[in-house]
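Q: Quick one: this structure, given as structure tokens, is what I'll be asking you about.
Read-outs throughout are calculated quantities, based only on the coordinates presented, and are distinct from any laboratory measurement. Just so you know, these numbers come straight off a predicted model, no measurement behind them. Every residue, glycine among them, receives a Cβ derived from its backbone with ideal geometry; neighbour counts consider all protein chains shown.
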Amino acid sequence: MTTNTHSPQTDQTQDLQEFRVEVSAWLEHNRPDDPGFLLPQTFMEVGSEKVLEFLREWQHKVWSAGYLGMAWPKKYGGQGMAPKYQSIVDQEMKRLRVPICFNVIGLGWAGPLILDIGSDFEKDKYLKGILNAEDVWCQGFSEPNHGSDLGGIQTSARREGGDYLINGSKIWTTMGNYAKYMILLARTDAKVDRRYNGLSFFLAPMQTEGVTTTPIKKLTGEYGFTETFFNDARIPATSLMGDEGQGWRIAMKTLQYERGAEAGAAGGISILSIVMNDLLNMAQDIEREGQPLLKDPVTRDNLVKLLIEEKALYLAEKRIGIPALCADYPNSLPLSGKLRGTEFFRRMRQYALTLQGGQSALYVGDKDAIDSGFWQRAYMNNFSTTIGGGTSQVQANIIGEHVLGLPKD
């Protein structure tokens, strides 16, 4: 008599391994050639039509192959598969450094929100366009005079028949000049006692009379953000998500996706993976006084500390899925992930420039720049991640109040 030694878990593991090989082979074969122009390191540097079209075509290709939105329902353009399959795709995309999937506000924030609390009408209307890259999404939360204080929003939405009239402005609107839709937080009632109660949440069309955008030039010399102006912009009342006055609650749920504390994102990579191995490779090629920099004991000690911190970040991601390891502070890892990750990569990239010495002052386009100015661009781009989704200072307050239970004052 023969005994079947395969368990369902063994078969599943083998299936996932085979799937990883399949994905890796597809990405290797289908990765686009060098387009001849600088590609974004993050989704916040899509600053020209040629970059947009290149990335739109790439995202559509990934989705058409079935490797984007794998855990989203089939009737909305997904594959209806377990999230672990999408995780494998994302890991391989990161490892092979293929171009980013640029439509991040749709894929990671608006899409999961609509899937979670949206109506059937909203799911039918918006989700597939997010996945196939036909519909670019942007976010309208921050305002020029209110920074991270979302409760102080002044952009107004006034009901007029079957429409709302929007007036005001938003800032740091990523891809606002290319977007078809905006997740918009606006004030529908200025007379309520608590300012948070007067806000409403809209899935607002951008290609509307009265909506204009002005591109903002970044430290890197690139574009990607805009300031967005609303001047009696008329949007249909069906753009309202939930009921009037529920905007604050919906916005806070959206920020949970943005800060990585909620699952449901469609997948794909939004930021080029720059890891410690890249820094080690750079350090290996630099010499000081005729000796490789890696022979310097102080440099080696600093690099080892950074390697330990990077490993801890990776292990923390795995730990989130093991409740017994998070029992003391169940929300601590999800709520702190954005702060820990963005601040680590800022310091890591800053140290890369420190190792370059005087050459750290050179930038992209200078023939003497180390790695063609890659690290300089990466360091300056990282400030977008420490600001977007709530600054590092705001993130520290969130951890203090919602994880440690510290008083607001």
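Q: Angle between the Cα long axis of helix 392-402 and the longest principal axis of the chain, 0 to 90 degrees, nearest 10?
A: Roughly 70 degrees, rounded to the nearest 10.
Q: Just to confirm the number: angle between the C-alpha axis of helix 247-258 and the first principal axis of the chain, 0 to 90 degrees, nearest 10?
A: The helix 247-258 is inclined about 10 degrees to the chain.
Q: Any idea what the relative contact order of the stretch 276-402 is, in percent, if you count C-alpha pairs under 8 Å spaced at least 6 apart?
A: For the stretch 276-402, the relative contact order is 20 percent.
Q: Order 103-111, 73-81 from most to least packed using the mean count of other Cβ atoms within 10 Å.
A: 103-111, 73-81
Q: Given the DSSP H assignment, sum -39500 (n - 2.57) over each helix run of at least 4 residues in the chain and divide by its residue total; what's the result at 222 nm in deg cm²/dmol, nearest 500?
A: Computed ellipticity for the chain at 222 nm equals -13500 deg cm²/dmol.
Q: Next question, about the same structure. Could you give the radius of gyration (one decimal) and Dmax (whole number) of the Cα atoms in the stretch 137-258, in Å?
A: Expressed in Å, the Cα Rg and Dmax of the stretch 137-258 come to 13.7, 45.
Q: Relative contact order of the stretch 137-258, please, whole-number percent, based on alpha carbon pairs below 8 angstrom and at least 6 residues apart.
A: Relative CO of the stretch 137-258 lands at 29 percent.
Q: Quote to one decimal, in nm, the extra length available between ASP15 and VAL275 on full extension: 0.36 nm per residue of separation minus the C-alpha distance between them.
A: Contour length minus the Cα-Cα distance gives 90.8 nm.
Q: Give me VAL211, VAL21, VAL298, VAL394 ranked fewest to most by other Cβ atoms within 10 Å of their Cβ, as a rough exposure proxy.
A: VAL298, VAL21, VAL394, VAL211
Q: Still on this structure, please answer the following. Counting other beta carbons within 10 Å of each residue's own, what order do SER384, SER336 fall into, fewest first?
A: Taking fewest neighbouring Cβ atoms as first place, the list is SER336, SER384.
Q: Rg (Å, one decimal) plus Dmax (Å, integer) for the alpha carbons of the stretch 276-402?
A: Values for the stretch 276-402 (Cα only, Rg and Dmax): 17.3, 53 Å.
Q: Sticking with this structure for a sec: Which stretch or stretches of the stretch 41-64 have amide N atoms under 20 Å from the point lying 7 Å from GLU22's Cα along the Cα→Cβ direction?
A: Within reach of a label on GLU22: 60-64.
Q: Related question: Ranked by Cβ crowding within 10 angstrom, fewest neighbours first, how are HIS60, HIS402 ordered?
A: By the 10 Å Cβ count, ascending, the order reads HIS402, HIS60.
Q: Also, quick follow-up: Which part of the stretch 335-355 falls in the paramagnetic zone of VAL403, meaning amide N under 11 Å from the point 7 Å along Cα-to-beta-carbon?
A: What the label zone holds, given the 11 Å backbone N cut-off, is 335-341.
Q: Hey, another quick one. Between HIS29 and GLU134, what is the spin-label point distance in nm, taking each point 7 Å from the Cα along the Cα→C-beta axis?
A: Modelled inter-label distance: 2.7 nm.
Q: What value in Å³ per residue do you get for the convex hull of the alpha-carbon atoms in the stretch 207-283?
A: Dividing the Cα hull volume of the stretch 207-283 by its residues yields 185 Å³.
Q: Between helix 49-64 and the chain, what is the angle of the helix's C-alpha long axis to the longest principal axis, kept within 0 to 90° and rounded to the nearest 10?
A: 80 degrees
Q: Tally Lys and Arg at +1 and Asp and Glu at -1 over the other residues with C-beta under 12 Å from the C-beta of GLY66: what net charge comes out?
A: Around GLY66, the surrounding residues sum to +1.
Q: Okay, moving on. When only C-alpha pairs under 8 Å and at least 6 residues apart count, what is the relative contact order of the chain, in percent?
A: Computed over the chain, the figure is 14 percent.
Q: Next question, about the same structure. Starting from the Cα coordinates of the chain, work out the convex hull volume and express it per residue in Å³.
A: Normalising the Cα hull of the chain by residue number yields 194 Å³.
Q: Who wins for biggest fluctuation among MET44, MET252, MET276 in a Gaussian network model of the chain, springs between alpha carbons below 10 Å?
A: MET252
Q: Find the centroid of the Cα atoms in the stretch 358-409 and in the stretch 142-182, then give the distance between the two in whole Å.
A: Centre-to-centre (Cα) distance: 25 Å.
Q: How big is the stretch 354-409 by the Kirkwood estimate over distinct Cα pairs, in Å?
A: 13.7 Å
Q: Straight distance only, please: which aspartates and glutamates reach the Cα of LYS170 with their own Cα at less than 12 Å, same-chain residues fewer than 8 apart left out?
A: GLU143, GLU227
Q: Could you tell me which of the pairs LYS61/LYS84; LYS74/LYS125; LYS75/LYS125; LYS84/LYS318; LYS305/LYS338; LYS94/LYS128 are separated by over 18 angstrom between their Cα atoms in the structure shown?
A: Listed pairs above 18 Å: LYS61/LYS84; LYS305/LYS338; LYS94/LYS128.
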